[in-house]
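Participant: Here it is: the structure, laid out below.
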Ligand SMILES: [Fe+2]
């Protein structure tokens, strides 16, 4: 897509979708759907059953120094309570199989509701891709079958660090679901960063690199959007975020299918992510 096309796509603001009663992702017009798929980012109306306030309250509690959740142990580099290792971000990050152990039951339940949203979005991407439904499980590294890897992270931006909120990047996984309470998120469109305003009652959804990889030979390829978070200042309202990452099984494989169901390529997930990391560092 040309730069001017991309810029035009955003002139009306980001499109907004809903989850229908039957669990499908729907846009009110086909133009909105096209814009969302071309940009790789859109708003999603918060489903009424989702207790977003309760989850926000949990996240906000992590800022107090005596929160017991700040003692959550680290598991590798990606999980646990992690302070200021990535720009201004301080976060509690956990993969799905640890939610019941470390999160309150209602927060673990909230995560499972985000699983359902992630599977609905993933299903719509795969449906539009033309990849036969019998292959969706393999194409998504298990994610569309309720497996794969999911992270539920509670993030805040620590303004004692005079850094960017989060440097420009693409997400590596399939789909990111974000609830943010304050401005700062920007996406790169046609070479320029543009604000993604907080839209009350809505989550922000963006596509990641693994989704691009698995749809690359399909009838509807989607791309990962470059985004960043502006440096948060101490005079700003403290920026909290709930971030859910829908990922393939990190120890598994990703397969590229075309709409006839023929294999066009594959990669281990670790291999793909290592390649992305190398490109990012270079
Ligand atoms: Fe991101």
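The values are calculated or read from the model by the stated rules, or taken from the named source; none is laboratory data. The structure presented is a predicted model; accordingly, all values stated were derived computationally and were not measured. Here the Cβ positions follow ideal geometry from the backbone for every residue, glycine too, while neighbour counts run over all protein chains shown.
Participant: For segment 143-177, which positions are in a loop (DSSP other than H, G, I, E, B), crowded, with 17+ Cβ neighbours inside 10 Å and away from the ligand (no atom under 16 Å from the Cβ)?
Facilitator: Hits for segment 143-177 are 148, 158, 159.
Participant: Quick one: would you say residue 239 is within 16 Å of the ligand (Cβ to nearest atom), crowded, with 21+ Cβ neighbours inside 10 Å and more than 21 Å from residue 115 (Cα to Cα)?
Facilitator: yes
Participant: Select from segment 190-217 the residues that are closer than 16 Å to residue 39 by Cβ and either buried (at least 22 other Cβ atoms within 10 Å of the Cβ) or at pLDDT 95 or above (or both) and list them in ascending order.
Facilitator: Scanning segment 190-217 gives 196, 202, 203, 204, 205, 206, 207, 208, 209, 211, 212, 215.
Participant: Taking only segment 120-135 into account, find how many residues are part of a helix (DSSP H, G or I) and surrounded by 21 or more Cβ atoms within 10 Å (Cβ to Cβ).
Facilitator: Residues in segment 120-135 being part of a helix (DSSP H, G or I) and surrounded by 21 or more Cβ atoms within 10 Å (Cβ to Cβ): 6 in total.
Participant: Quickly run through segment 220-236 and pick out the residues that are touching a residue at least 24 places away in the same chain (Cβ under 8 Å), over 23 Å from residue 117 (Cα atoms) and either more than 15 Å from the ligand (Cβ to nearest atom) or in a helix (DSSP H, G or I) (or both).
Facilitator: Result: 231, 232, 233, 234, 236.
Participant: Also, I was wondering about something else. Given the conditions (1) within 16 Å of the ligand (Cβ to nearest atom); (2) within 12 Å of residue 245 (Cβ to Cβ), which single one is not true for residue 96?
Facilitator: Status for residue 96: all satisfied but (1).
Participant: Also, I was wondering about something else. Go through segment 92-111 and count every residue that is closer than 27 Å to residue 162 by Cβ and touching a helix residue (DSSP H, G or I) at 6+ places or on another chain (Cβ under 9 Å).
Facilitator: Final tally of qualifying residues: 1.
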